[in-house]
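**Student:** After the structure tokens below, expect a handful of questions from me.
The values are calculated or read from the model by the stated rules, or taken from the named source; none is laboratory data. Quick caveat, the model's predicted, so the values are computed rather than measured. Cβ placement follows ideal geometry from the backbone for every residue including glycine, while neighbour counts extend to all protein chains displayed. Areas reflect the complete protein model, heavy atoms only, side chains present, ligands, DNA and RNA absent. Shrake-Rupley method; radii C 1.70, N 1.55, O 1.52, S 1.80 Å.
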Amino acid sequence: MSLVAVTRKDLTGARRSKSLWAVLLLLGGIGALFGYLVFAGSGDGTADPARVRSTVAGLFRGVAFLVAAVVPIVALTVGYQAIAGERDSGGMAFLLSLPNSRGDVFFGKLVSRAVLVTAGVLLLFLLVTTAVVGDLLLTGSPLAVPAELVGGVVAGSVLYAVTFVALAVAVSSVFASRRRAVGGAIGAYFVTVVSYLLPGVGVASVVRAIHTDLLGFAAAPNLYAVADFTSPFVAYRKLLNLVLPADTQFAPLRADHDPAWFLSDEFALVVFAAWLVVPTVVGYVRFRRADLG
């Protein structure tokens, strides 16, 4: 076997998982329902293309916010037992008894889980776009769906999803059992997503408290903005600002009047690169050195 063979075998096994199909179909159903409720009936047959494009942009911004909160759950659910589950079930011994290296197993699992979650994200946006186009056709409104906006949001969402898959597989490699991997996945979701949805709980708030209250330094907005920017949840929204119209963009980070270049929307790509590379390297090194006996 090889990396390709491990990937194919993992995809075959995943296709038989009813729970996985339920998660992916739920994701697609949420997208379709969201698209219908937000966009249905918004066309009246006389709307001009500019108004339609603005409405579509607002819809996809809303879907992106939904993706930011829900897709990490899907990615972590799909990926947290990629390695730990095999160790618990004894399947790892079988995989490594064949001519597979640990690298083949690790990266094969990573690729297969990334493919599955990417398919779920694409299904979500396919159904949302279908709902939009269907409403425009039924109401006789201009078919003004900005392809660059839709494509940009979809690409950014796939990158965001794959980032959490990499994090999930890394967590699965660090912990020796499925139960511990579940705890690690829940902790990762809270730190990277939930803490940014709750006021006063995020990493920036912790850094601010340490910097000003504990150490007694003067407030440094750029420092706290950098702390915020370390989250893929924040980086995702800033990345989408590159394709969203100005009136639908996500709010900028709270920084100085003259924010540093590393707080720009474009820097989100660097943040994502770090989140893809660092967990993957740490997870692979941990798995390579793990005692699987």
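**Student:** Calculate the dipole size of region 99-235 relative to its Cα centre from +1 charges on Lys and Arg beta carbons and -1 charges on Asp and Glu beta carbons; express the result in debye to the nearest 20.
**Tutor:** It comes to approximately 640 debye.
**Student:** Give me the distance between the Cα centres of region 113-138 and region 80-95, rounded to whole Å.
**Tutor:** Cα centroid to Cα centroid, the span is 32 Å.
**Student:** Beta carbons within 10 angstrom, averaged per residue: use that to sort the peptides 81-94, 155-168, highest first. Spell out each step's value before the answer.
**Tutor:** Numbers: 81-94: 18.2, 155-168: 24.6.
Packing order, densest peptide first, comes out as 155-168, 81-94.
**Student:** With a 1.4 Å probe and every protein chain kept in, tell me what percent of the accessible surface of region 51-178 is carbon plus sulfur.
**Tutor:** For region 51-178, the apolar C and S fraction of the accessible surface comes to 70 percent.
**Student:** Let me ask something additional. Taking only protein heavy atoms into account and a 1.4 Å probe, give the accessible area per residue of the chain in Å². Don't jump to the answer; show the numbers that get you there.
**Tutor:** Details: 13960 Å² over 293 residues.
Ligands and nucleic acids excluded, the result is 48 Å² per residue.
**Student:** Roughly how many percent of the accessible protein surface of region 192-293 is carbon and sulfur, given a 1.4 Å probe and a whole-percent answer?
**Tutor:** It is 64 percent, rounded to a whole number.
**Student:** Another question, then. Could you give the length gained on full extension between residue 212 and residue 274, defined as 0.36 nm per residue of separation minus the Cα-Cα distance, in nm? Let's see the in-between values first.
**Tutor:** Numbers: separation 62, 0.36 × 62 = 22.32 nm, distance 2.79 nm.
Extending this stretch completely gives an extra 19.5 nm.
**Student:** For the chain, what are the DSSP H helices with axial Cα length of 24 Å or more and mean Kyte-Doolittle hydropathy of at least 0.0?
**Tutor:** Helix filter hits for the chain: 18-39, 49-79, 102-139, 147-174, 268-289.
**Student:** When ranked by the protection proxy of mean other Cβ atoms within 10 Å per residue, highest first, what sequence do the peptides 116-122, 275-281 form?
**Tutor:** So the peptides 116-122, 275-281, ranked by packing, come out 116-122, 275-281.
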